[in-house]
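Here the structure comes first, spelled out in structure tokens, and everything after it is commentary.
Read the figures in this text as sums done on the coordinates, not as results from a lab. Computed from a prediction, not measured in an experiment: that's the story for all the values here. Here the Cβ is made from the backbone with ideal geometry for all residues, glycine too, and neighbour counts use every protein chain on show.
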Amino acid sequence: MKQSLFRYISGEYAEAFVRRGEILFRSLSYYRDYEDEGVRSDEFEGTRLHLPVDGLKVTKIATDEVVSLPYTFESTAREDDIFVYCLSTTHSEFLAEKFNTKTCVEIHEPVRLLALIRNALTRRPFIKNKHLEYGPVKYYAPHEPPIIEWALPEKIALSKPSTFSWQGEYRIAFAVNGAFNAENVKVQLVPLGERRRTQSTNHPKQLLKLGNMSKLCTTHHF
């Protein structure tokens, strides 16, 4: 991976990122409940949503009649046990304005960043699975069928509705308590238009310290 990644961040935290390698991983539940009018916040964070254009189709066993139901299909990962660090593949003043900052840190060697994160995780004995998921976020339209993604929490963690595609987001994620295990999800049908409720007030986080990263980064100001 040679393409640079970009972190839009305040000047204070940019200094901590570059000089001390401080990286704060937030839980998916944090971004689900974040309140900023749809910039970082996503009420479906950690959930694979499916809503066909003409409604969910079910077949009545007795009559074989196919009917459409005003429900959405939702598959939700364990949002308090999956931690993500959010970057972007795009360097632009537009994104800086959207994220309400004038500072952006460019990471020139993402592969080395991933190696440092893996090394930091080895020093956390309570994190049993050191596996990292990483890559560009997959943006999807709600009418697209989820195929197998609904059953794979690591895929859910790296996906978002297409309304967020302007971010060009790249994510790094890890899990605790087996949250990346296949089918470790909550599946439900939700009445169309029903307001989602906050499920967590804890919003756990994990701060990793990677050491000085000044040779890997350049700080840009807008």
message = Order 170-178, 88-96 from most to least packed using the mean count of other Cβ atoms within 10 Å.
response = 170-178, 88-96
ask   = 222 nm [θ] for the chain, helices only, -39500 (n - 2.57) per DSSP H run of 4+, per residue, to 500?
value = -5000 deg cm²/dmol
inquiry  = Rounding to the nearest 10 and keeping the result within 0 to 90°, find how far the Cα-based axis of helix 110-122 lies from the longest principal axis of the chain.
reply    = 80 degrees
remark   = Rounded to the nearest 10, the angle in degrees between the Cα long axis of helix 11-20 and the longest principal axis of the Cα atoms of the chain comes to 70 degrees
message = On the Cα set of region 83-221, report Rg and Dmax in Å, please.
response = 17.1, 51
ask   = Between Ser162 and Leu207, what length in nm is gained on full extension when 0.36 nm per residue of separation is reduced by their alpha carbon distance?
value = 13.3 nm
ask   = With point charges of +1 on the Cβ of Lys and Arg and -1 on the Cβ of Asp and Glu, referenced to the Cα centre of the chain, which listed residue (Leu28, Thr101, Leu210) lies farthest in the positive direction of the dipole?
value = Leu210
ask   = In percent, what relative contact order does the chain have, based on Cα pairs under 8 Å that are 6 or more apart in sequence?
value = 36 percent
note = Expressed in angstrom, Rg and Dmax over the Cα atoms of region 1-157 are 19.3, 68
inquiry  = Around Tyr71, under 12 Å between beta carbons, what's the net of Lys plus Arg minus Asp minus Glu among the other residues?
reply    = -1
ask   = Quick one: how many lysine pairs in the chain have C-alpha atoms under 19 angstrom apart, if they're 8 or more apart or on different chains?
value = 11
request  = Place the peptides 141-150, 45-54 in order of packing, highest mean first, counting for every residue the other Cβ atoms within 10 Å and averaging per peptide.
outcome  = 45-54, 141-150
message = Can you tell me which of Leu116, Leu192, Leu152 moves the most in a GNM of the chain? Springs connect C-alpha atoms under 10 Å apart.
response = Leu192
note = By the mean-Cβ-within-10 Å protection proxy, highest first, 67-77, 127-137 rank as 67-77, 127-137
